[in-house]
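Chemist: I'd like to ask you about the structure that follows.
The values are calculated or read from the model by the stated rules, or taken from the named source; none is laboratory data. In this text the structure is predicted, and so the values were computed from the model without any measurement. Heads up, the Cβs are rebuilt from the backbone with ideal geometry, glycines too, and the neighbour counts pull from every protein chain shown. These accessible areas exclude ligands, DNA and RNA; they are computed on the full protein's heavy atoms, side chains included. Shrake-Rupley method; radii C 1.70, N 1.55, O 1.52, S 1.80 Å.
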Amino acid sequence: MATREAFARSVVAAAASGSVEQVEKLVPEVFVNVRPDSQRLVDTVRGWDPERVELRFSNDFPEFATVEAAKPGLTAGAEFTISWADGHWTLVMGTSSYKPSGNAEPGTPGT
């Protein structure tokens, strides 16, 4: 079981490799149209050293976090969202294809 920080570093590593496909593998299949967000993340962190990246986490819920990743000494960088589900962390990108039952409305926790 990966820690929140370890999973966030694996997201940065996938994006730093320059492979959009590696990033997309971290997103659950319930999400569609992830390519634009994956490409943006890859374009931002391509070539970064994942072990040296500074990570900042913000969240309202323990199972959902927004991650800010930046090169040491820089304030701006990349931002992405991770979520804990079914015993592991996943990357949240694109649009959920999940259709809730009843009167529930799809959305993002904390909004």
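Chemist: Please give the net charge around Leu91, taking every other residue with its beta carbon less than 11 angstrom from that of Leu91, where Lys and Arg add +1 and Asp and Glu add -1.
Modeler: Taking every Cβ under 11 Å from that of Leu91, the sum is -1.
Chemist: Could you grab the Rg to Rh ratio for the range 21-90? Cα atoms only, Kirkwood for Rh.
Modeler: My calculation puts Rg/Rh at 0.96.
Chemist: Additional query: Round to the nearest 10 and report in Å² the accessible area of Arg9, as given by a 1.4 Å probe over the protein chains' heavy atoms.
Modeler: Only protein atoms counted, so the area is about 40 Å².
Chemist: Would you please give the residues with an amide H less than 5 Å from that of Gly18, counting only those at least 5 places away or on a separate chain, with H modeled from the backbone geometry?
Modeler: Distant-sequence amide H within range of Gly18: Gly47.
Chemist: Check which residues have an amide H placed less than 5 Å from Phe31's amide H, if you skip close sequence neighbours.
Modeler: Excluding prolines and chain starts, which carry no amide H, the hits are Ser97.
Chemist: According to a simple spin-label model (label point 7 Å from Cα along Cα-to-Cβ), what is the distance in nm between Thr3 and Ser97?
Modeler: 3.5
Chemist: Would the range 25-66 count as rounded, prolate or oblate if I go by the C-alpha gyration tensor, calling it rounded below 1.5 in a/c and otherwise prolate when a/b exceeds b/c, oblate otherwise?
Modeler: Taking the square roots of the gyration eigenvalues as a ≥ b ≥ c, the range 25-66 is oblate.
Chemist: While we're here: Keeping all protein chains in place and using 1.4 angstrom, which order do Glu21, Glu29 fall into by accessible surface area, from largest down?
Modeler: In descending accessible area the options line up as Glu29, Glu21.
Chemist: If Lys and Arg each add +1 and Asp and Glu each add -1, what is the summed charge of the other residues whose beta carbon sits under 12 Å from the beta carbon of Val20?
Modeler: Here the count lands on 0.
Chemist: Between Arg35 and Ser19, what length comes free when the chain is fully extended (0.36 nm per residue of separation minus the Cα-Cα distance, one decimal in nm)?
Modeler: Contour length minus Cα-Cα distance gives 4.6 nm.
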